[in-house]
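Novice: Dropping the structure in here first, questions after.
The values are calculated or read from the model by the stated rules, or taken from the named source; none is laboratory data. Source: prediction; values computed, not measured. No Cβ is skipped: glycine too gets one built from the backbone with ideal geometry, and neighbour counts run over all protein chains shown.
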Amino acid sequence: MLLPTDRSEEYKKYPMVTAHDLRGRAERPRRVKMLLRDFIDDSLYNPHYGYFSKQAVIFSTGEPFNFPALKDETEFNALLSRRYVDFEDSLDAVSPSETRQLWYTPTELFRPYYGEAIARYLVANYKLTTYPYHDLIIYEMGAGRGTLMTNILDYIRDMEPAVYARTRYKIIEISSQLATIQNSQLMRSASGRGHAERVEIINQSIFDWTQTVPSPCFFLAFEVFDNFAHDALRYDLETETPLQGTVLIDENGDFYEFYSPELDPVAARFLRVRDAATEGSYKLPYPSSRLGRWLATSRPFAPNLSLPEYIPTRLMEFFDVLGRYFPAHRLLTSDFHSLPDAIKGLNAPIVQTRYQRRPVPVSTPLVSPPLDMLTNQVEPLANLNKRSTRGTLISCSPPTFGYLRQCTRHSLES
């Protein structure tokens with residue numbers, strides 16, 4: 001086992017805990033150790049101090065953008081910047097903050113057209129497959145402010161009343177704060193209140209799900225996978241043995257990273273699933289040839305371990321939940337296919353905070369207070385999904401701004 005010598009005794013005696021164990025704690029523990037995925041899960045989702053539970057604020061554009069009236073992407077970005085400033089000014093007028101964690105989603109920026117496009121897809125596929133024998137059942141995980149839900153239901157009600165009569169919309173939301181916002185969004189207007197009898201907001205983690213849903217359903221996950229926790233592996237450059245990352249929190253609340261060749265069952269299973277799904281062909285964070293590995297370790301002061309590889313173990317567990325409890329589901333998702341300014345490593349995350357309204361990149365996930373972490377999990381997605389749920393993944397690149405304007409104009413005219 002590779003250990004920093006000054007912390008090896010603490011590592012031996014400190015108990016191993018999980019994110020689940022820490023849910024009831026009001027503050028981060030000390031004198032414990034945990035796998036990196038549990039550290040990240042706890043940082044993001046702990047109900048008392050997690051990023052999404054206590055820090056994140058979702059930007060709202062106010063009135064939807066009039067895309068046909070915008071000349072190009074430059075004009076759109078300028079207008080977005082002005083609205084962003086106005087939104088944060090309004091928040092500061094009530095409660096000033098230099099460290100507000102403000103972020104936005106495509107659902108908010110491109111409403112209602114983003115939601116209408118999803119609704120068209122859902123209705124078309126529903127009519128081709130299970131209508132009129134089954135209801136249109138939609139599950140959405142991580143629904144933010146509830147904007148996508150409202151836009152989808154508005155479109156189906158206005159354009160497909162017969163389908164609307166058969167529609168049931170269920171949100172699965174881990175954050176109590178966001179679940180409250182979603183319910184408020186639903187009840188804010190007469191239009192939204194009309195959907196109330198078709199909507200259920202379930203305030204729990206998808207990873208705690210235990211109820212089998214045998215009926216055909218659509219499962220929506222938009223900008224969710226990038227915030228799933230992941231494990232870190234580094235490889236011995238001589239033997240190619242993987243070592244799994246663990247985080248130690250000492251008596252002062254400082255963080256230390258350890259790597260051990262003893263893989264936990266989840267990480268070990270991921271490696272088996274990846275190998276089987278890809279027939280052994282996948283990227284690794286070190287040279288594939290023996291000569292390349294020798295050269296990598298021959299430099300002065302060269303490390304004997306590779307850079308970290310961040311593996312989507314939580315994503316694999318999510319597919320397990322889908323396969324086990326939603327056997328007739330169809331998954332519809334979108335997420336980042338690449339990330340700028342990531343920390344070092346393969347499939348490495350962006351770790352960032354905001355200070356005085358500016359994003360501030362951080363070089364490690366081992367930070368306090370918990371910060372936002374985004375990971376590119378699209379690349380390994382197809383193989384994991386196919387292996388875990390026997391499903392097929394169809395991926396599409398993001399549209400250009402000009403294409404978006406054309407689609408918006410068509411939506412307004414139809």
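Novice: Is region 308-323 home to any residue that is surrounded by 15 or more Cβ atoms within 10 Å (Cβ to Cβ) and assigned to a loop (DSSP other than H, G, I, E, B)?
Specialist: yes
Novice: Cβ-Cβ distance below 6 Å, separation of 6 or more or different chains: which pairs start in region 86-107 with a residue that is free of Cβ contacts under 8 Å to residues at least 60 places away in the same chain and end on one that is part of a loop (DSSP other than H, G, I, E, B)?
Specialist: Phe87/Phe59; Tyr104/Phe59
Novice: Could you please give the count of residues in region 244-254 that are outside any loop (DSSP other than H, G, I, E, B) and in contact with a helix residue (DSSP H, G or I) (Cβ under 8 Å, 6 or more places away or on another chain)?
Specialist: 5
Novice: Checking Ile152 against (1) under 22 Å from the mean Cα position of the chain (by Cα); (2) more than 15 Å from His195 (Cβ to Cβ), which test does it fail?
Specialist: Evaluating Ile152 over (1) under 22 Å from the mean Cα position of the chain (by Cα); (2) more than 15 Å from His195 (Cβ to Cβ) leaves (2) as the failure.
Novice: Spot the failing condition for Arg25; the list is (1) part of a helix (DSSP H, G or I); (2) more than 23 Å from the chain's Cα centre (by Cα), and only one is missed.
Specialist: Tallying (1) part of a helix (DSSP H, G or I); (2) more than 23 Å from the chain's Cα centre (by Cα), Arg25 fails exactly one: (1).
Novice: Select from region 179-215 the residues that are modelled with pLDDT of 95 or more, out of contact with any Asp or Glu (no Cβ under 8 Å at 6 or more places or on another chain) and among the polar types (S, T, N, Q) and write down the one among them that is farthest from Thr167 (Cα to Cα).
Specialist: Thr210
Per-residue answers, yes or no, for (1) in a helix (DSSP H, G or I); (2) in contact with a His (Cβ under 6 Å, 6 or more places away or on another chain); (3) buried (at least 16 other Cβ atoms within 10 Å of the Cβ); (4) among the aliphatic types (A, V, I, L, M):
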{"site": "Arg293", "(1), (2), (3), (4)": "yes, no, yes, no"}
{"site": "Ile343", "(1), (2), (3), (4)": "no, no, yes, yes"}
{"site": "Pro359", "(1), (2), (3), (4)": "no, no, no, no"}
{"site": "Thr364", "(1), (2), (3), (4)": "no, no, no, no"}
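Novice: Then there is this: Say we look at region 138-164 and pick out the residues that are part of a helix (DSSP H, G or I), touching a helix residue (DSSP H, G or I) at 6+ places or on another chain (Cβ under 6 Å) and hydrophobic (A, V, I, L, M, F, W, C); which of these is farthest from Tyr114 (Cα to Cα)?
Specialist: Residue satisfying both the conditions and the ranking: Val163.
Novice: Look at Asp86 and say whether it is in a helix (DSSP H, G or I), acidic (Asp, Glu), over 30 Å from Glu309 (Cα atoms) and at pLDDT 90 or above.
Specialist: yes
Novice: May I ask you to list the residues in region 110-146 that are in contact (Cβ under 8 Å) with a residue 60 or more places away in the chain and either among the small types (Gly, Ala, Ser) or within 22 Å of Leu178 (Cβ to Cβ) (or both)?
Specialist: Correct list: Phe110, Ala117, Ile118, Ile137, Ile138, Tyr139, Glu140, Met141, Gly142, Gly144, Arg145.
Novice: Of all residues in region 193-208, count the ones that are in contact with a Lys or Arg (Cβ under 7 Å, 6 or more places away or on another chain) and either surrounded by fewer than 19 Cβ atoms within 10 Å (Cβ to Cβ) or outside any helix (DSSP H, G or I) (or both).
Specialist: Going through region 193-208 one residue at a time, the tally reaches 2.
Novice: A follow-up question, please. Would you check if there is a residue in region 209-218 being touching a Phe, Trp or Tyr at 6+ places or on another chain (Cβ under 6 Å), of a type in the set (A, V, I, L, M, F, W, C) and closer than 27 Å to Tyr104 by Cβ?
Specialist: no
Novice: Sticking with this structure for a sec: Under 8 Å between Cβ atoms, which residue pairs at least 6 apart in sequence (or on different chains) link something in region 299-320 that is closer than 14 Å to Leu233 by Cβ with a partner that is in a loop (DSSP other than H, G, I, E, B) and among the polar types (S, T, N, Q)?
Specialist: Taking only residues 6 or more apart or on different chains, the pairs are Glu309/Asn347; Tyr310/Asn347; Tyr310/Thr375; Ile311/Asn347; Pro312/Asn347; Pro312/Thr375; Pro312/Gln377.
Novice: Identify all residues within region 250-267 that are surrounded by 14 or more Cβ atoms within 10 Å (Cβ to Cβ) and not hydroxyl-bearing (Ser, Thr, Tyr); write none if there are none.
Specialist: Of everything in region 250-267, those that are surrounded by 14 or more Cβ atoms within 10 Å (Cβ to Cβ) and not hydroxyl-bearing (Ser, Thr, Tyr) turn out to be Asp250, Phe255, Glu257, Phe258, Leu263, Asp264, Val266, Ala267.
Novice: Then there is this: What tally of residues in region 209-243 results from selecting those that are under 19 Å from Gly142 (Cα atoms), more than 19 Å from the chain's Cα centre (by Cα) and not in a loop (DSSP other than H, G, I, E, B)?
Specialist: Qualifying residue count for the region: 1.
Novice: Looking at (1) surrounded by 12 or more Cβ atoms within 10 Å (Cβ to Cβ); (2) on the phi > 0 side of the Ramachandran plot; (3) without any contact (Cβ under 8 Å) to a residue 12 or more places away in the chain, which is the one condition that is false for Asp275?
Specialist: (2)
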